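Have a look at the structure below, then the notes.
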Amino acid sequence: MDKPFDDPFDDVYEDDYDDEAAYPRRALPRLSLTPEQQVELARVIEERNTCDGTLRGVEEWARATAGVRWSRLRRELQARGGFCDCEVVLNVYDAEPG
Ligand SMILES: [Zn+2]
């Protein structure tokens, strides 16, 4: 395929501007959370730094956070391979392309 010139931004921006254009979505999964909540959740889970094989840490955060529905969030996380706190960080957050 011919291209008139080699656009240096092709690779950088390809996947980043399909929604919420101004926010760097590269490292964020697509959940029913605001980008700010996703960043907060990742921080809480990483600081917790323990996992008992359940989503306890995520659940505690979700129930304490206004506007977050735990039942819905749990479904979204499990659909992406997050069946316990550490899997959320490993599978849900790190699995996004880019
Ligand atoms: Zn775990």
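The values are calculated or read from the model by the stated rules, or taken from the named source; none is laboratory data. It should be emphasised that the depicted structure is a prediction, and the values quoted were computed from it without experimental measurement. Neighbour counts are summed over all protein chains in view; Cβ atoms, including those assigned to glycine, are modelled from backbone coordinates with ideal geometry.
Couple of notes before you dig in:
- Scanning the stretch 29-55 for residues that are within 16 Å of the ligand (Cβ to nearest atom) and under 13 Å from Gly82 (Cβ atoms) yields a count of 7.
- Top-ranked residue in the stretch 56-93 [being away from the ligand (no atom under 11 Å from the Cβ) and in contact (Cβ under 8 Å) with a residue 40 or more places away in the chain; ranked as surrounded by the most Cβ atoms within 10 Å (Cβ to Cβ)]: Val92
- Flag if Asp52 is assigned to a loop (DSSP other than H, G, I, E, B) and at pLDDT 95 or above: yes
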